[in-house]
Amino acid sequence: MNAGLLKLAAAEYFNEGFVYAEVQRIIDNTDPDAREAAREALAPRRTIPDGCFVWINYLVWLERVMEIARVPLTAAEVDGLLVLKRERTRFQAAHPPCFKCGMPNEPHALNCRECMEEIHR
């Protein structure tokens, strides 16, 4: 897979995860008849093909497998895992975790978006 597309897919994957809890809370509090429309309106827009996200999901799964088992990797898997790791590191640097609950936050946030604890800088 093209490294540029993989990098964009990983960035969008982490962004989707970042907004997921907030979007889900809004949807849960939406009238059941309007939930699907709300989900479509609130979901982050993907700018690359869905197949790229299938590969990202596979790489995330592969990372977990590698924590418990030794598996031979292809060159494409190694390259993908390296891109995923770089993008995760970049995302984490841009979204510092709450010291109390670990939820990632916007860099300018004064309070954690999950537990509302004051963020100390």
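The values are calculated or read from the model by the stated rules, or taken from the named source; none is laboratory data. Everything numeric here is computed off the predicted structure, so don't read it as measured data. Every residue, glycine as well, gets a Cβ built from its backbone with ideal geometry; the counts of neighbours run over all protein chains shown. For accessibility, only protein heavy atoms count, side chains too; no ligands or nucleic acids. Shrake-Rupley method; radii C 1.70, N 1.55, O 1.52, S 1.80 Å.
Rg over Rh of segment 51-121, using C-alpha atoms and the Kirkwood radius, what does it come to?
Reported Rg/Rh, Kirkwood definition of Rh: 1.12.
Would you be so kind as to identify which of Asn105, His95, Val78 lies farthest towards the positive end of the dipole of segment 60-121, taking Lys and Arg as +1 and Asp and Glu as -1 on Cβ and the Cα centre as origin?
Of the listed residues, the answer is Val78.
Which value, in Å², gives the accessible area per residue of the chain when a 1.4 Å probe is used on the protein heavy atoms?
67
Please state, to two decimals, what the Cα-based radius of gyration of segment 31-82 comes to when divided by 2.2 N^0.38 Å (N = residues).
1.68
With runs of 4+ DSSP H residues as the only contributors, calculate the mean residue ellipticity of the chain at 222 nm using -39,500 (n - 2.57) per run, divided by the residue total and rounded to the nearest 500.
-20500 deg cm²/dmol
Suppose the chain between Thr30 and Ala43 were pulled fully straight at 0.36 nm per residue; how much longer would it get relative to their current alpha carbon spacing?
3.2 nm
In whole percent, and with a 1.4 Å probe on the protein chains, what portion of the accessible area of the chain is carbon and sulfur?
That share works out to 58 percent.
Can you tell which of Glu16, Glu40, Glu106 shows the greatest fluctuation in a Gaussian network model of the chain with Cα springs below 10 Å?
In the Gaussian network model the winner is Glu40.
Would you mind calculating the relative contact order of segment 1-95 from Cα pairs under 8 angstrom and at least 6 residues apart, reporting the percent as a whole number?
With pairs under 8 Å counted, the relative contact order is 48 percent.
Using the eigenvalues of the Cα gyration tensor, what equivalent ellipsoid semi-axes result for segment 61-101 when each is taken as the square root of five times the eigenvalue, whole Å, largest first?
In descending order, the three semi-axes are 25, 14, 5 Å.
Where nothing but the Cβ of Lys and Arg (+1) and of Asp and Glu (-1) is charged, how large is the charge dipole of segment 34-115 around its Cα centre, in debye to the nearest 20?
180
How long, wide and thick is the chain, going by the Cα atoms along their three principal axes, in whole angstroms, largest first?
Computed over the Cα atoms, the extents are 45, 40, 28 Å.
Please determine, in degrees from 0 to 90 and to the nearest 10, the orientation of helix 3-28 with respect to the longest principal axis defined by the Cα atoms of the chain, where the helix direction is its Cα long axis.
30
Plugging the Kirkwood radius over Cα pairs into Stokes-Einstein for segment 1-71, at a temperature of 10 °C and a viscosity of 1.306 mPa s, what D comes out in µm²/s?
114
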